[in-house]
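Asker: What follows is a structure written as structure tokens; I'll ask about it next.
The values are calculated or read from the model by the stated rules, or taken from the named source; none is laboratory data. Just so it is clear, the structure is predicted and the values come from calculations on it, not from any experiment. So basically every Cβ, Gly included, is an ideal-geometry build from the backbone, and we count neighbours across all protein chains shown.
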Amino acid sequence: MPFNAVFSHIIKRRLPRIENYTSSPISCQLDVLLTLVQRAKQTEFGKTYHFSKIKSFNDFKEKVPLSNYDTLFPLIKKQINGEKDILWPGSTTWFAKSSGTTTKTEKLLPITTDSLYENHYAGGKDLLALYYKNYEKRKLYNAKHLIIGGSTQINAQANNTSIGDLSAFIVENLPWWTEIRRTPKREIALMDNWEEKLDKMSRATVGDNICIIAGMPSWTLVLFEKVLEITGKKNIHEVWPNLELYIHGGMNIEPYKERFKKLLPNSKMNYVQSYNSSEGYFGLQDLKDSNDMLLLTDAQILYEFIPMEEFDGIHSQNVVGLKDVKTGIEYALVISTSAGLWRYIIGDTIQFSSIKPYRFMVTGRTTHYINAFGEKTIIAHVEKAIAQAAKIHNVEISDFTVGPYFQKLKGSGGHQWVIAVKNKQHINLSNFEESIEENMKAINGDYKGKRKGDFNMMPPKFNYVKKEDFEHWLKRKNKLGGQHKIPRLQNDRLLIQELLERNQKSPRNH
């Protein structure tokens, strides 16, 4: 039997499980809770917080405090030092380096065999199962799969522990039937130097028959441009004519959509979003005509939610379970997982678009917002505003960030946008900027109110730089490639000032 037919048959066997957690999410979440606390009741953490006495969600909330990386790190450090039965039964020997977007330092997050296979791999399998359901007669297993992962190899430590990017652990432990279809080879996929890796990855794959690409939008575009530079082709489908699926995550693709349309002009190209981080695999796009993601409620993760209007970090008082969430409210996400993260505030914010079933969108970060003038601007606002403007004016966005500027003499200020566009010379910048401003007013009522009469907030400023300026900033921070990304929002001007200074020092024309 051909490989693809076997793969299709096996992957579709996951559909009854997916249907169960889609239709019965609350009972699935209770099963997850009871399984997690039962498994971990003899750990140091489980004994401290009396897991053996937890029989319900309310018991769990009463006995176990909210946590963040700072509060859990002393226990994670014990695991790194080789101690057993700390946050999860047995030895935890894998630790994923996070991109550090919430804190200024990198985090080392535990990965267990349970979390890797029953969460990260399970989410990926569910995504492919639903893709085969939504798009009949697919033949994905007949071609290669290009994964644009992190750029840190797994580094062995003392005490039999290892540190690396999540993607490195995923690649190192893939089953053989997946490994034979993955490209490029491991020695390239796990290279440390992103720039060298990008060049070798491009050259190694231009002759492959590729049908799936997975990676963050910003870095995927960089790879595409390198491939076109090497081959001299006009678009990616001239290089990989059988490419049909792009799996994206880690950042909102909408601001980059115009560029993707130019590089992937085939009308049969499909885009599917996933929500997979170092902490866990949380959601995936299950419908063809909607970008919202289905919450994975049966993948060894228990979810809790803090309304952002009442968010106070680990001191937050109002924490609700899945059955009590409502649509249209922004929540900080709290997770408990089989990696040993307990009531852990990961720093992401989400908003539910549906509760039957539970579908959601990622709206931003708990620490990434602008409220310098009372405008309460979150990442979702600026991403939607610039994406809509880019679509109307055919602008190809390479990267962008937004921060405040201040006019001390007037005692006010406004937002400053720093944007890299691919086709600047072919667009009317004034119309593009006006559209962004009007979109911001339509999307964010607080912004519109503060902008009225230019009294509380002055008009936005726009500066244009090269995408290389953003890449240079990431390189200086040792965050070039992989899952690293430019912060979209910040309440201070440090990032904007560094980008503009870099741009002004460069001899290039803009």
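Asker: Give the range 251-286 a look and list any residue that's part of a loop (DSSP other than H, G, I, E, B), under 22 Å from G364 (Cα atoms) and touching a strand residue (DSSP E or B) at 6+ places or on another chain (Cβ under 8 Å), or say none. Spell out the reasoning first.
Answerer: Taking the range 251-286 and keeping what is part of a loop (DSSP other than H, G, I, E, B), we get 251-253, 264-269, 278-279, 286.
Narrowing further to those that are under 22 Å from G364 (Cα atoms): 251-253, 278-279, 286.
N252, I253, S278, E279, D286, listed by residue number.
Asker: Would you point out the residue of the range 357-389, among those that are more than 16 Å from the chain's Cα centre (by Cα), modelled with pLDDT under 95 and of a type in the set (G, A, S), that is surrounded by the fewest Cβ atoms within 10 Å (Cβ to Cβ)?
Answerer: G374
Asker: Say we look at the range 1-54 and pick out the residues that are within 28 Å of the chain's Cα centre (by Cα) and outside any helix (DSSP H, G or I); which of these is nearest to G123 (Cα to Cα)?
Answerer: R14
Asker: Give K197, K144 a once-over and let me know the one that is basic (K, R), in contact (Cβ under 8 Å) with a residue 40 or more places away in the chain and in contact with a strand residue (DSSP E or B) (Cβ under 8 Å, 6 or more places away or on another chain). Show your work before the answer.
Answerer: On the way: K197 fails: in contact with a strand residue (DSSP E or B) (Cβ under 8 Å, 6 or more places away or on another chain).
The conditions single out K144.
Asker: To continue, here is another question. Just checking, which of I148, I163 is assigned by TED's automatic domain parsing to the domain that holds P217, surrounded by 17 or more Cβ atoms within 10 Å (Cβ to Cβ) and farther than 15 Å from E106 by Cβ?
Answerer: Selected residue: I148, the only one of I148, I163 that is assigned by TED's automatic domain parsing to the domain that holds P217, surrounded by 17 or more Cβ atoms within 10 Å (Cβ to Cβ) and farther than 15 Å from E106 by Cβ.
Asker: Mind telling me which of the residues S338, S316 ends up being surrounded by 24 or more Cβ atoms within 10 Å (Cβ to Cβ) and among the small types (G, A, S)?
Answerer: Matching residue, one of S338, S316: S338.
Asker: Among the numbered criteria (1) outside the structural domain of M216 (by TED's automatic domain parsing); (2) surrounded by fewer than 19 Cβ atoms within 10 Å (Cβ to Cβ), which single criterion is violated by K139?
Answerer: Evaluating K139 over (1) outside the structural domain of M216 (by TED's automatic domain parsing); (2) surrounded by fewer than 19 Cβ atoms within 10 Å (Cβ to Cβ) leaves (1) as the failure.
Asker: Still on this structure: Return the only residue of N456, N463 being in contact (Cβ under 8 Å) with a residue 12 or more places away in the chain, part of a strand (DSSP E or B) and surrounded by fewer than 18 Cβ atoms within 10 Å (Cβ to Cβ).
Answerer: N463
Asker: Which members of the range 128-163 meet the condition of being more than 24 Å from A96 (Cα to Cα) and part of a strand (DSSP E or B)?
Answerer: Result: K144, single match.
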